[in-house]
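Reading through the structure tokens given below for one structure.
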Amino acid sequence: MTPLRPGMRSPPATKGPPPAGRGPWRLAWRRLARSRATLAFGGLFLAVVVLCLLAPVYAHDIAHTGPNDNHITETVKVGGKTLEVVSPTGVPIGPTWHSRFFLGADANGRDVAVRLLYGGRNSLEIGAIATLITMLLAVLIGTSAGYFRGVTDGVLSRLLDVIWAFPPILLGVALGVALAVGGLDLGVVKLHSGSLLLPALIVGVVFVPYVARPLRGQVLSLRRREFVDAARVQGRGHLRILAEEILPNLTSTIVVFIPLMLANAILLEAGLSYLGAGVQDPNPSWGTMLAEGIRLTPGAIHLVLAPGLMLVVAVLGVNVFGDGLRDALDPRAGQRAIAMRLPRPTTAGAAVEEA
């Protein structure tokens, strides 16, 4: 301890215990709050969600039409001119700012803006349910395979390998086409062919290996840690160890996977619906709108641009937010990724340093 010099005052004595340190979740929140780009894209995705949730309000109070109402024989007045909603040649009206067809109409005379919002509701709903299914199955399979090992790990890993062997879009199309006619009947659960839960279930199952395999590897590492051995010595059962020791250490990984899986689920649903293996008519979705609009391009390019831009904005927003969330929870992840991509030094000086 440094002796006090003449005239110096002794430092004031601290009272009470020292202040508690900040927890990892609080530090992650601070890092996330500093990332303006992450918050901006997260807000952009939230705005898309709010707009889609307000679809009934727009349809009832502004457009005065439903997502499946046809107006082929009707006319609208734009700038003093009377225009047909669908011309005799089959080309629908484009975006008209001074009529109730804000983004125009499709080939059946249906309001594109109304179908865009209702289609967004369906796409986001399927993506959210599929993400929930993926995370529940992946956590259950990944933790069980990594913790129990042996026969359990062998059976579950081979099951994941079977799903992993197929590209997501091909497996999704195969399952969608197979279940599109008769639906799914499991006795307790029965889904008809037009149900939105059917494509959600397909998308959810397809992405299970992409989450379960990383979780299994992490559980294999955690089960050899000292705190797990201490829990076994205390006489805790397997389920209690999984719930109290393993799962809390997987929380950050699970949280990071949720937005990334949501973005992939929305994209895969759009692809399946575009190919006719996802959402079925008359239910709208961004994928079905793209499939309907591509037939009339370039004469009615708005039928492709409207759902395409909404799909890009939604997926881009949740993807960037997921990347920012990953960096906030694990700030060294980006540095490790950069280090893996950097070429090894080949200069003589670097070789001497390595030696």
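The values are calculated or read from the model by the stated rules, or taken from the named source; none is laboratory data. Everything numeric in this text was worked out from a predicted model, so none of it was measured. Heads up, the Cβs are rebuilt from the backbone with ideal geometry, glycines too, and the neighbour counts pull from every protein chain shown. To get the accessible areas, we keep the full protein, side chains included, count just its heavy atoms, and leave off ligands, DNA and RNA. Shrake-Rupley method; radii C 1.70, N 1.55, O 1.52, S 1.80 Å.
Roughly how many Å² is the accessible area per residue of the chain, as a whole number, for a 1.4 Å probe?
58
Can you tell which of GLY80, GLY317, GLY127 shows the greatest fluctuation in a Gaussian network model of the chain with Cα springs below 10 Å?
For the chain, modelled as a Gaussian network with Cα springs under 10 Å, the answer is GLY80.
To the nearest 20 debye, what is the magnitude of the charge dipole of the chain about its Cα centre, counting +1 on the Cβ of each Lys and Arg and -1 on the Cβ of each Asp and Glu?
Dipole magnitude for the chain comes out near 1860 debye.
Using each residue's phi in region 82-89, evaluate 6.51 cos²θ - 1.76 cosθ + 1.60 at θ = phi - 60° and report the 3J(HN,Hα) Karplus result to the nearest Hz, with x for Gly and Pro.
Each residue's phi maps through the Karplus curve to give 9, 10, 7, 4, 10, 5, x, 7 Hz.
Match the structure shown to one of the listed values (1) 20.1; (2) 24.4; (3) 22.5 of Kirkwood radius over Cα pairs in Å, computed from it, and give that label.
(2)
With label points built 7 Å along Cα→Cβ from the Cα atoms of ALA37 and LEU132, find their separation and express it in nm.
3.3
Sequence gap at least 6, Cα distance under 8 Å: using those rules, report the relative contact order of the chain to the nearest whole percent.
RCO, the chain: 21 percent.
Could you compute the FRET efficiency for PHE227 and GLU125, with r as their C-beta to C-beta distance and R0 at 45 Å, rounded to 0.05?
For R0 = 45 Å, the calculated efficiency reads 0.70.
Give the residue list of chymotrypsin sites (Phe, Trp or Tyr not before Pro) in region 65-156 that are DSSP loop and have at most 16 other beta-carbon atoms within 10 angstrom.
Passing sites in region 65-156 are TRP97.
Suppose R0 equals 35 Å; then what is the FRET efficiency for ARG149 and LEU275 from their Cβ-Cβ distance, rounded to the nearest 0.05?
0.35
Quote to one decimal, in nm, the extra length available between ALA107 and LEU46 on full extension: 0.36 nm per residue of separation minus the C-alpha distance between them.
Length difference between fully extended and current span is 18.9 nm.
For GLN234 and ILE72, FRET efficiency with R0 = 51 Å and r from the beta-carbon atoms, rounded to 0.05?
For R0 = 51 Å, the calculated efficiency reads 0.10.
Near the amide H of HIS71, under 5 Å away, which other amide H atoms are found, from residues 5 or more places off or on another chain, if H is placed in the peptide plane?
GLY109, ARG110
Decide, for region 140-247, between rounded, prolate and oblate: order the square roots of the alpha carbon gyration tensor eigenvalues as a ≥ b ≥ c, take rounded if a/c falls under 1.5, and otherwise choose prolate if a/b is larger than b/c, else oblate.
The shape class here is prolate.
Can you work out ³J(HN,Hα) from phi for every residue in region 160-171, in order, using Karplus 6.51 cos²θ - 1.76 cosθ + 1.60 and θ = phi - 60°, giving whole Hz and x for Gly and Pro?
5, 5, 5, 5, 5, 5, 9, x, x, 5, 5, 5
Give me the dipole magnitude in Debye, nearest 20, for region 70-227 about the Cα centre, with unit charges on the beta carbon: positive for Lys and Arg, negative for Asp and Glu.
Approximately 440 debye in magnitude.
Running a GNM on the chain with Cα contacts under 10 Å, which residue among LEU159, LEU325, LEU316 ends up with the highest mean-square fluctuation?
Comparing LEU159, LEU325, LEU316 in a Gaussian network model of the chain, the most mobile one is LEU159.
On the accessible surface of the chain, probed at 1.4 Å, how many percent belong to carbon and sulfur atoms?
65
By the scheme Lys and Arg +1, Asp and Glu -1, what is the net charge of all other residues having a beta-carbon under 11 Å from that of HIS98?
+3
What is the Cα centroid distance between region 139-218 and region 267-288, reported in whole angstrom?
First find each Cα centre; the distance between them is then 20 Å.
Among THR96, ALA33, GLY172, which residue has its Cα positioned farthest towards the positive end of the charge dipole of the chain, with +1 placed on the Cβ of Lys and Arg, -1 on the Cβ of Asp and Glu, and the dipole taken about the Cα centre?
ALA33
Would you calculate a helix-derived [θ] at 222 nm for the chain, using -39,500 (n - 2.57) for each DSSP H run of n ≥ 4 and dividing by the full residue count, to the nearest 500?
-19500 deg cm²/dmol
Who wins for biggest fluctuation among SER221, SER193, SER285 in a Gaussian network model of the chain, springs between alpha carbons below 10 Å?
SER221
Need one number: nm distance between label points at THR82 and VAL162, each 7 Å from Cα along Cα→Cβ, rounded to one decimal.
Here the modelled spin labels are 6.4 nm apart.
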